[in-house]
Every structure is written in structure tokens, then in C-alpha cells.
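Right, one structure below, let's go through it.
The values are calculated or read from the model by the stated rules, or taken from the named source; none is laboratory data. These numbers were taken from a predicted model, which means no experiment stands behind them. A quick note on method: Cβ atoms are made from the backbone with ideal geometry, for glycine too, and the neighbour counts reach across all protein chains shown. Side chains included, ligands, DNA and RNA excluded: accessible areas come from the protein's heavy atoms. Shrake-Rupley method; radii C 1.70, N 1.55, O 1.52, S 1.80 Å.
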Amino acid sequence: MSNIANTIYGAIVSHTAWKKHLHNVVDAGKNESNLGQKTCELSKWFEENVKELSQYKHYPLVTELHNKFHQETDKIIQLALNGKQQQANAAVEYGSDFDKISKELVQTLIAWHDVVIGKK
């Protein structure tokens, strides 16, 4: 499997872990993990490999969704840090904007991965 395919697969796994950390931030009202786009491995990968990655048709949509994901995440973290756990919990629930963006991001990453490995 190519490095790109491995990294995309890793991004899907990391995305799931990121969401778990976000739930921990919401529950604790503290951002001890220092969650943010600047600490996101996928963000770093995009920046470091933009020339190679931008050749794939999935790249623009993935980066757009990834940015939207972090915008929603930042809003949720701020709610949690400001003691608004009920609103923060609602913002991560099934059907929320966060949930929809998260699912679309994962689906697009999977589609990109399938293209890279020659599955589609």
C-alpha cells in the first residue's frame, strides 16, 4: 500500500481518536489534550504534502471538510471551556453540524483511500 493510502487510513483512525478527545474536553470542561488544528497530524500532512496531494480530486473537498470540522471543534471546545457543557454536548450529538461534517469527512477520506489503492 502506498504512503498516501497508509496516511489516509491513519487519518481515519486519528479522526476517531480526535472525536474521543473532544468528548473528554466537553465532559471535563478542560482542554488538557490541547486540541486544535495546529496540533492535528492531518493538518500537518496536508501542509507538508500539498503539491502531491492536490493532484487528487478528493483533496479539495477533504481539506474543506477538515477545516469545517476544526471550526466546529473550536466552537465546541469554547463552549466546554466556558462552562456550557449542555450546549457543548448538544453540539456533538448525533445529527449535529459537527456529526454531519465528521461523517462526510470520513466518507470522503474512505473514497479517496479507495481510489489510491485502486479499489474504485
(message) Could you check the range 47-80 and list, in sequence order, the residues that are over 22 Å from Lys20 (Cα atoms) and aromatic (Phe, Trp, Tyr)?
(response) Tyr56, Tyr59
(request) Mind listing whichever residues of the range 95-120 are part of a loop (DSSP other than H, G, I, E, B) and under 20 Å from Gly29 (Cα atoms)? (result) Ser96
(request) With respect to Lys30, determine if the residue is part of a loop (DSSP other than H, G, I, E, B), out of contact with any Asp or Glu (no Cβ under 9 Å at 6 or more places or on another chain) and either in contact (Cβ under 8 Å) with a residue 40 or more places away in the chain or open to solvent by less than 30 Å² (accessible area, probe 1.4 Å) (or both). (result) yes
(request) Can you run down the residue pairs with Cβ atoms below 8 Å, 6 or more apart or on separate chains, where the first is in the range 8-23 and more than 18 Å from Thr63 (Cβ to Cβ) and the partner is open to solvent by 30 Å² or more (accessible area, probe 1.4 Å)? (result) His21/Ser33
(request) Filter the range 15-30 for residues that are at pLDDT 85 or above and in contact with a helix residue (DSSP H, G or I) (Cβ under 7 Å, 6 or more places away or on another chain) and give the result. (result) Lys19, Leu22, His23, Val25, Val26, Gly29
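Of all residues in the range 85-113, how many are open to solvent by less than 80 Å² (accessible area, probe 1.4 Å) and of a type outside the set (Ser, Thr, Tyr)?
Keep residues of the range 85-113 that are open to solvent by less than 80 Å² (accessible area, probe 1.4 Å), which gives 85, 88-92, 95-96, 98-99, 101-102, 105-106, 108-113.
Still in the list and also of a type outside the set (Ser, Thr, Tyr): 85, 88-92, 95, 98-99, 101, 105-106, 109-113.
Adding up the residues that qualify gives 17.
Hey, among the residues in the range 66-84 that are farther than 22 Å from Ile110 by Cα and either in contact with a Phe, Trp or Tyr (Cβ under 9 Å, 6 or more places away or on another chain) or at pLDDT below 90 (or both), which one's most open to solvent (accessible area, probe 1.4 Å)?
The first filter runs over the range 66-84 and keeps only residues farther than 22 Å from Ile110 by Cα, leaving 74-84.
Going one step further and asking which of them are either in contact with a Phe, Trp or Tyr (Cβ under 9 Å, 6 or more places away or on another chain) or at pLDDT below 90 (or both), we end up with 75-76.
Working: Lys75: 120, Ile76: 2 Å².
For the range 66-84, the residue satisfying everything is Lys75.
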(message) I'd like to check something: does the range 36-44 contain any residue that is surrounded by fewer than 17 Cβ atoms within 10 Å (Cβ to Cβ), of a type outside the set (Gly, Ala, Ser), at pLDDT below 85 and not in a helix (DSSP H, G or I)?
(response) no
